[in-house]
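Peer 1: Starting off with a structure, shown below.
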Amino acid sequence: MAKAQALRREIKKGQTEKQRLRGVHGGAPHSAHEIDRMIHERLRLGIISALAVNDSLTFNELKHTVKTTDGNLSVHARKLEDAGYVNCSKTFEGRTPKTEFSLTTAGRRALERYIDHMEALIGKMRKQ
Amino acid sequence: MIRLAESTEQPPALHDRAMDNLRYIRETMERASAFTAVPGWGQVAIGVTALAATYLAAHQPTARGWLGTWIAEAIISLLIAGWLMDRKARALGAPLLSGPGRKVAFSLSPPMVVGALLTVVLFRSGLTEAIPGMWLLLYGTGVVTGGMFSVNVVPVMGICFMILGAATLFAPAGWSNWLMAAGFGGLHIIFGSIIARKYGG
């Protein structure tokens, strides 16, 4: 039991070290030069972009907009929610459950930072 | 044994990927904003002007006066819709005829042009009573096709217009002005309220 725990700790330590070396992590970037991996992933970037132009979107509207499956949307929306980028509210319309998503201030700032980052990359390449 | 050819393709340049990401953000925003391309409350406003036009048209002594009133109403409605779409496009920082604006314009305009031409032909032939049904049918057709890029409720509204148009074609001529009120006034107000309440704006 203790051996298994020690092994898990080692694996986790190794993963963290690998991520550090690659400058990759799951949450918000530590510096302005790092890409925010949380929204660099295509589907999550789509979710954030769609919510940026709407006060809120239901699960089905979001699924239709980013063209994905229920399972994929659930997984990625959950990651964004855990990162504090997206708010998720669950209500009932009669007897039908309704899930609505909206963008948080942190999510909007993350998208702005990401767009700035991409524009800076393009600008830098053009100068070269 | 099958030997795979060695890939000679270079990985995409960093700035190409950055441009691709920005394009993706913009396209997603355009697709998402189609939900409120013409806001629901704007459709309610168009419905209210249509009810006013019904009242004015009903009091016209001649067929020419009746037709002129409804044509003026169509122009006012187009101006309201165009202004609201332009406002939305400006808020997003995108040109009016890009993304959802272009899709809606290209879907709606062919039946509108057909409607305008048929109006001239039918009026000249003295078949004025066929015009209201034709207008409702063609407008419904445009809303169904334009609504394919929007939320489900929009094509449903188009189908309602088409059903009402079909009924108007076979209804007594005296009812046509009121059926126009039910369509251009009532349906716009009902569906506009639903869109405003459910999808915001």
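Derivation of every value follows stated rules applied to the coordinates shown; laboratory data play no part. Since this is a predicted model, take the numbers as computed values, not measurements. Backbone-built Cβ (ideal geometry, glycine too); neighbour counts: all protein chains shown.
Peer 1: For the stretch A:77-109, how many residues meet the condition of being over 17 Å from residue A:54 (Cβ atoms) and either touching a residue at least 24 places away in the same chain (Cβ under 8 Å) or touching a Leu at 6+ places or on another chain (Cβ under 9 Å) (or both)?
Peer 2: 3
Peer 1: A further question follows. Inside the stretch A:57-95, can you point out the residues that are hydroxyl-bearing (Ser, Thr, Tyr) and facing chain B (nearest Cβ under 7 Å)?
Peer 2: Hit for the stretch A:57-95 is A:65, nothing else.
Peer 1: If I filter the stretch A:30-41 for residues that are closer than 27 Å to residue B:153 by Cα, surrounded by fewer than 21 Cβ atoms within 10 Å (Cβ to Cβ) and among the hydrophobic types (A, V, I, L, M, F, W, C), do I get at least one hit?
Peer 2: Within the stretch A:30-41, none of the residues are closer than 27 Å to residue B:153 by Cα, surrounded by fewer than 21 Cβ atoms within 10 Å (Cβ to Cβ) and among the hydrophobic types (A, V, I, L, M, F, W, C).
Peer 1: Among the residues of the stretch A:96-110, which ones are within 14 Å of chain B (Cβ to nearest Cβ) and in a helix (DSSP H, G or I)?
Peer 2: Within the stretch A:96-110, A:107, A:108, A:110 qualify.
Peer 1: Going through the stretch A:49-58 one residue at a time, which ones are buried (at least 24 other Cβ atoms within 10 Å of the Cβ) and not hydroxyl-bearing (Ser, Thr, Tyr)?
Peer 2: If the condition is that a residue be buried (at least 24 other Cβ atoms within 10 Å of the Cβ) and not hydroxyl-bearing (Ser, Thr, Tyr), then A:50, A:51, A:57 are the ones that fit.
Peer 1: Just to be sure before I move on: is residue B:164 more than 14 Å from every other protein chain (Cβ to nearest Cβ) and closer than 19 Å to residue B:50 by Cα in the structure I sent?
Peer 2: Yes: the conditions hold for residue B:164.
Peer 1: Is it the case, given these coordinates, that residue A:113 is within 14 Å of chain B (Cβ to nearest Cβ), under 14 Å from the mean Cα position of the chain (by Cα), part of a helix (DSSP H, G or I) and farther than 29 Å from residue B:196 by Cα?
Peer 2: yes
Peer 1: Pull up the stretch B:19-77, narrow it to residues that are touching a Ser or Thr at 6+ places or on another chain (Cβ under 8 Å), of a type in the set (Ser, Thr, Tyr) and within 14 Å of chain A (Cβ to nearest Cβ), then point me to the one that is farthest from residue B:87 (Cα to Cα).
Peer 2: Filtering first and then ranking leaves B:24.
Peer 1: Exactly one of these conditions fails for residue A:105: (1) buried (at least 16 other Cβ atoms within 10 Å of the Cβ); (2) among the β-branched types (Val, Ile, Thr); (3) closer than 20 Å to residue B:25 by Cα. Give me its number.
Peer 2: Of everything listed in (1) buried (at least 16 other Cβ atoms within 10 Å of the Cβ); (2) among the β-branched types (Val, Ile, Thr); (3) closer than 20 Å to residue B:25 by Cα, residue A:105 misses just condition (1).
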